[in-house]
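Have a look at the structure below, then the notes.
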Amino acid sequence: MIEKVLIANRGEIALRILRACREMGIQAVAIHSTADVDAMHVRLADESVCVGPPAADQSYLNIPAILTAATISNADAIHPGYGFLSENSNFAKMAEEHGFTFIGPSSKHIKLMGDKIKAKEAVMNAGIPVVPGSDGRVENIEAAMSIGQKIGFPLIIKASAGGGGRGMKVAKNQESLTKAFNLASGEALAFFGNPSVYIEKFLQNPRHIEVQIIADNQGNVIHLGERDCSIQRRHQKLIEEAPSTALSKSQRQKIGSIVTKAIKKIGYRSVGTIEFLFEDDKFYFIEMNTRLQVEHPVTEMICGIDLVREMIRVAGGAPISFTQEEVLFSGHSMECRINAEDPTSFFPSPGTITEYHAPGGLGVRVDSGLYNGYKVPSHYDSMISKLIVHGANREQCLMRLRRALSEYVIDGIKTSIPLHQRILEEPDFISGDYSIHWLENLVSKNQK
Amino acid sequence: MAKKLSDTFDKELVKKLASLLDETGLTEIEYEYENSKIRVVRSQSNSIETINNQSPIELKIPTGGGANTNPNGMVEADRDPGTVKAPMVGIVYTSSDPDSKPFVQIGDKVVENQTILLIEAMKVFNQIKAPKSGKVVQLLVDNGSPVEFGEPLLIIG
């Protein structure tokens, strides 16, 4: 039984966890750096402990300080939130070794999913579809040809030692494969001193679709549907929605059951998200996030389930409080991540909030630590608020989101609200026809 | 919840190790016997000094809601240039063990680099040293009390 939780995070997610604790009658201890003395998660907590100076590596990433804070405040559990130490298997392990319940998966599973190659292998063995490819280095053009015949074109050839786009070439068909293979191999040698390459199926315009799961210590695994997070820029998601306009009910059930079975097989506990690229009605595993996600509220809105509450209960040893059959998807939900940055140049914009008014009304939720006079520190992530709305259908959801954005007043700093408003007027977005490259294209069009 | 470490560890031994550390000029000693292990580490001298006022860290006093562990009178202490602030979160000890006399008491003269307190964090005892010579004018923490990062510990006048 968990009675006192130390929240090893800051900002809106610390507040989100604190709210769940309050509603469960659990005491919440906030930690903070000297830059966050006036933050809302500190002001609302039952207790707070300053763990270090503004730099994250000395405060929110400072494992000894955080574990000491948990000890002196007599907390019995630690919730890591997202980011910071949430996917640090060492932190999870040390927390358990010091007698605290880690509100998350086992350190073993965090470690497994943190290793991209081992993770792919593990989920593949458990039945989750992955990007087909050579599974290792491709020695010569003959071997490349046979892979091409097996998995089909287009293919992407990547340097085994590579990164940052170097030594990466796309072969559209069999004719261009020889040239692409030789180029990639040559570049691999030139840039990394190693000509070895591997081959994967090349996805041209995929969507990013992820499946939310929750698992308990009793072996129950339940999926809570998907979220479409294709609206992203430089791998930073900006708008998420659930359900995805790209999936049919049967596709949803199918991927949900594949994922549920796999997670059961892997023996995972707590909440987690399996991220996929989705193209031509097929799913390809990207990675598993072994933590609560930023965009979890859109799932909560369509399921009517408090994921953080469930996560804490499961960590305390309780079984999941509902069954798969009891999970009913209702209506549509969208989330806008509002960042303290210039909506066109994306330049960060920290500073003091001179005027603050949060939108409200039916189906509107704001997860944010902002308030009038709050100073957005420059030391941390620029996301300052999440505006989440729910509607009976996607159309109503869009109308409500436009309405809520127009009500939202955050003065004194620049925010991404104008960009959100612009996206919501784009015909492609309105019709739900977009891929992971869509926002990038829109933004570059704008800058030209 | 039996998380109080103070009643399980051998304070005499820690004291011995700490003085050995001083004598030898080592930065770290680890001592292991049977099932217990004690590690005494000397803080990097510059880390303590940096935090102690040579480059003042901006510290604000929590205003609203949440209970904090700070004693009264912190506002004045926070502004005093002679205030020694906690370089880490932990449990503060005013003496090397309960039977020994405190490192320092109000009115005592201290010299720069003299050990004035211990802060225990993750079973490591960190010596807090006087950033300058002077007289202890205020002691702001009690033996065995938890302290936050940046919390005023004592004032050297």
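The values are calculated or read from the model by the stated rules, or taken from the named source; none is laboratory data. The structure presented is a predicted model; accordingly, all values stated were derived computationally and were not measured. Cβ: placed from backbone, ideal geometry, glycine included. Neighbour counts: every protein chain shown. When the accessible area is computed, the model is the full protein with side chains, heavy atoms only, and any ligands, DNA or RNA have been set aside. Shrake-Rupley method; radii C 1.70, N 1.55, O 1.52, S 1.80 Å.
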Check whether at least one residue in segment A:160-174 is touching a residue at least 40 places away in the same chain (Cβ under 8 Å), part of a loop (DSSP other than H, G, I, E, B) and not aliphatic (A, V, I, L, M), and report yes or no. no
May I ask you to say which residue of A:S59, A:S33, A:S48 is within 23 Å of A:L370 (Cβ to Cβ), in contact with a His (Cβ under 7 Å, 6 or more places away or on another chain) and polar (S, T, N, Q)? A:S48
Would you confirm whether any residue within segment A:64-84 is assigned to a loop (DSSP other than H, G, I, E, B), within 14 Å of another protein chain (Cβ to nearest Cβ) and within 21 Å of A:A215 (Cβ to Cβ)? no
If you check A:L6, A:L15, A:L61, which single one turns out to be under 13 Å from A:I312 (Cβ atoms) and either under 24 Å from the mean Cα position of the chain (by Cα) or away from every other protein chain (no Cβ under 12 Å) (or both)? A:L6
Any idea which residue in segment A:348-398 is surrounded by the fewest Cβ atoms within 10 Å (Cβ to Cβ), counting only those that are free of Cβ contacts under 8 Å to residues at least 60 places away in the same chain and in contact with an Asp or Glu (Cβ under 6 Å, 6 or more places away or on another chain)? A:E355
Strands (runs of 3 or more DSSP E) wholly in segment A:231-326 with at least 3 residues that are of a type in the set (A, V, I, L, M) and either within 22 Å of A:L439 (Cα to Cα) or open to solvent by 50 Å² or more (accessible area, probe 1.4 Å) (or both) - which ones? A:236-242
Read through the list (1) more than 14 Å from chain A (Cβ to nearest Cβ); (2) touching a strand residue (DSSP E or B) at 6+ places or on another chain (Cβ under 9 Å), then give the number of the only condition that B:N126 fails. (1)
Residue among A:I209, A:I213 that is aliphatic (A, V, I, L, M) and touching a Cys at 6+ places or on another chain (Cβ under 9 Å): A:I209
Of the conditions (1) crowded, with 24+ Cβ neighbours inside 10 Å; (2) assigned to a helix (DSSP H, G or I), A:M94 fails just one. Which one is it? (1)
When segment A:140-159 is examined, which residues are found to be polar (S, T, N, Q) and outside any helix (DSSP H, G or I)? A:N140
If you go through segment A:94-109 one residue at a time, how many are under 25 Å from A:Q218 (Cβ atoms), in contact with a helix residue (DSSP H, G or I) (Cβ under 7 Å, 6 or more places away or on another chain), within 14 Å of chain B (Cβ to nearest Cβ) and of a type outside the set (A, V, I, L, M)? 2
